[in-house]
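Read the structure below first, then the notes.
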Amino acid sequence: MSKAPFILLVNPWIRDFAAFDLWAKPMGLLMLGALLRQGGCGVAFVDCLSRHDPATENAPDVLPGRDRPHGTGKYHRMRVAKPEVFSGFPRTYYRYGIHPDSLRSQLTALPVPDLIWVTSAMTYWYEGVKETVAVLREVFPAVPVWLGGIYAALCPAHAGKAIGADEIVTCPQGDLPDRVRAATGFTLSNRVAWRHFRTSPPPALDLLSHPAYAPLLTSRGCPFRCPYCASGVLYPAWERRDASAIHGEIVAWHRRYGVLDFAFYDDALLLHAETSLKPALEQLAVEDRGLRFHTPNALHIRALTPDWCRLLHAAGFKTIRLGLETLAEDEHRRWGGKVLTGMFETAMKNLFDAGFAPEQIGVYLLCGVPGQSRHEVARAIRAVARTGARPRLAEYSPVPRTPMWEDARRIAPFDIEGEPLFHNNSFFACRRPDFTYEHMKELKLMAGDHDREGRGGALRPSRVETNG
């Protein structure tokens, strides 16, 4: 048998106008690390987005980050030149994460790996990925570099030309053991565990340095196929873990690292979870460990029955995000009928009756979707604010391979097909005469005004990457 390979996993920098750690960890990469290690590989992890890197905190040219409650916070950042395509856009551009000197120092302290695996998240963050890969090439010029993740999965041709990786990994997870064997000559001992999400080990949280919170994924995929979302593309099958595995993982992270805050990354956390998540939460509620749970990816409003709301409150959920998206009935029907008339009001009543305070509840509203009226967005902001909950605008980003992509490509005045930077939701690629960038700013200000009054805000939902 070949010698066990040493594989380096890297979470790359972000280059953008804005980025915030809203319980954002590279779940795909941590799951990959757990599978590789279980299969017999040596694994190391370098996090370019670490918010607690001493070498970066002491660097004079870094704008410091800041911790926020429950493990969230602002990344360290450095000003960098804007890409030429944004030359006329009046925003400052940053590299978010650790200082480049710190990255080089961490890499040179490692043994030479046999393989480097880099993840990617938003399609419009590829410049940070490209810069990270360039540093990896500089330090380890002879080591093959693989790229996976959301950008690689949705824009493989662009990634193949732009990044400089040796391979763009887009195959199903079950095929990865064969890819690893072909690259290293080593046969992983846990091939069965790679085939299904429910058979995978918990993500390798221990690879993170002093985790302030733990990301949780109790299911992968979603039964809905919303036209603006890539979940169905990234995860065609919908799989759930069992109750004992969910409870065991939560208790293990709490006991081993003292973690109190847990963020669920599921796209459909409560749907059909009566035999998986629900028993786990019921047991945790009885044990009363003082844990705090957060739902940055939003809960399906239709699932918020009185029983579920009471359980969420009893189990320690502190941050509730709802996926309302719009109040327009025709748009809800066009987007898949996920929320029907009266569901939002009923869900809010159930949450309040269960004991949740208005400031704990944020409601995501889509903004700038092709065919959407700006007046509808304003109406939805006002309606959410009247309930006491916080309206949070989810500015539309055109996502390749989604049903809405062709609509976006047709109306966008920019080359969103050839240049993923134009997918950036801060930039608003799908602006049009009746919904301009100025209109978008007014709506963001409107939602932000509610935030200053303690009733709202505008944070984007987080997303989970695939295939590392």
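Of note:
Results for (1) open to solvent by less than 50 Å² (accessible area, probe 1.4 Å); (2) charged (D, E, K, R), shown as yes or no for each residue.
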site	(1), (2)
136	yes, no
141	no, no
148	yes, no
157	no, no
162	yes, no
170	no, no
173	yes, no
179	no, yes
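- Of all residues in segment 187-203, those satisfying the criterion of being open to solvent by 20 Å² or more (accessible area, probe 1.4 Å) and assigned to a helix (DSSP H, G or I) are 191, 192, 198, 199.
- Per the conditions (1) open to solvent by less than 30 Å² (accessible area, probe 1.4 Å); (2) over 24 Å from residue 383 (Cα atoms), the sole criterion not satisfied by residue 267 is (1).
- Residues located in segment 236-254, provided they are touching a residue at least 40 places away in the same chain (Cβ under 8 Å), outside any loop (DSSP other than H, G, I, E, B) and crowded, with 21+ Cβ neighbours inside 10 Å: 240, 249, 250, 253
- Check on residue 323, more than 22 Å from the chain's Cα centre (by Cα) and either open to solvent by less than 50 Å² (accessible area, probe 1.4 Å) or free of Cβ contacts under 8 Å to residues at least 60 places away in the same chain (or both): no
- Filtered by the rule that a residue be of a type in the set (S, T, N, Q) and modelled with pLDDT of 95 or more, segment 1-40 gives 11, 38.
- Residue 185 being touching a residue at least 40 places away in the same chain (Cβ under 8 Å) and within 30 Å of residue 330 (Cβ to Cβ): no
- Unmet requirement for residue 305, which otherwise passes all of (1) closer than 21 Å to residue 353 by Cβ; (2) open to solvent by less than 10 Å² (accessible area, probe 1.4 Å): (2)
- Residue in segment 6-25 that is among the hydrophobic types (A, V, I, L, M, F, W, C) and more than 30 Å from residue 266 (Cβ to Cβ) present: yes
- Scanning segment 204-221 for residues that are open to solvent by 10 Å² or more (accessible area, probe 1.4 Å) and either under 15 Å from residue 28 (Cβ atoms) or among the acidic types (Asp, Glu) (or both) returns 206, 207, 208, 217, 220.
- Boolean, residue 459 is modelled with pLDDT of 50 or more, among the hydrophobic types (A, V, I, L, M, F, W, C) and open to solvent by 40 Å² or more (accessible area, probe 1.4 Å): no
- Test set (1) farther than 29 Å from residue 292 by Cβ; (2) surrounded by fewer than 17 Cβ atoms within 10 Å (Cβ to Cβ) - residue 115 fails condition number: (2)
- Subset tally (residues that are in a helix (DSSP H, G or I), among the small types (Gly, Ala, Ser) and more than 24 Å from residue 337 (Cβ to Cβ)) for segment 267-312: 2
- For segment 290-314, the set of residues classified as among the charged types (D, E, K, R) and touching a residue at least 60 places away in the same chain (Cβ under 8 Å) consists of 292 only.
- Candidates in segment 41-81 are the residues that are more than 27 Å from residue 258 (Cα to Cα) and crowded, with 17+ Cβ neighbours inside 10 Å; of these, the one that is modelled with the lowest pLDDT is 59.
- Of all residues in segment 381-425 being polar (S, T, N, Q) and under 15 Å from residue 366 (Cβ atoms), the one that is farthest from the chain's Cα centre (by Cα): 402
- The single condition from (1) surrounded by 17 or more Cβ atoms within 10 Å (Cβ to Cβ); (2) more than 29 Å from residue 18 (Cβ to Cβ); (3) touching a helix residue (DSSP H, G or I) at 6+ places or on another chain (Cβ under 7 Å); (4) among the β-branched types (Val, Ile, Thr) that residue 184 fails is (3).
- Among residues of segment 349-368, those that are within 23 Å of the chain's Cα centre (by Cα), over 17 Å from residue 441 (Cβ atoms) and outside any helix (DSSP H, G or I), counted: 4
The values are calculated or read from the model by the stated rules, or taken from the named source; none is laboratory data. These numbers come from a predicted model, not from an experiment. Note that each Cβ is placed from the backbone with ideal geometry, even for glycine, and that neighbours are counted across all protein chains shown. When the accessible area is computed, the model is the full protein with side chains, heavy atoms only, and any ligands, DNA or RNA have been set aside. Shrake-Rupley method; radii C 1.70, N 1.55, O 1.52, S 1.80 Å.
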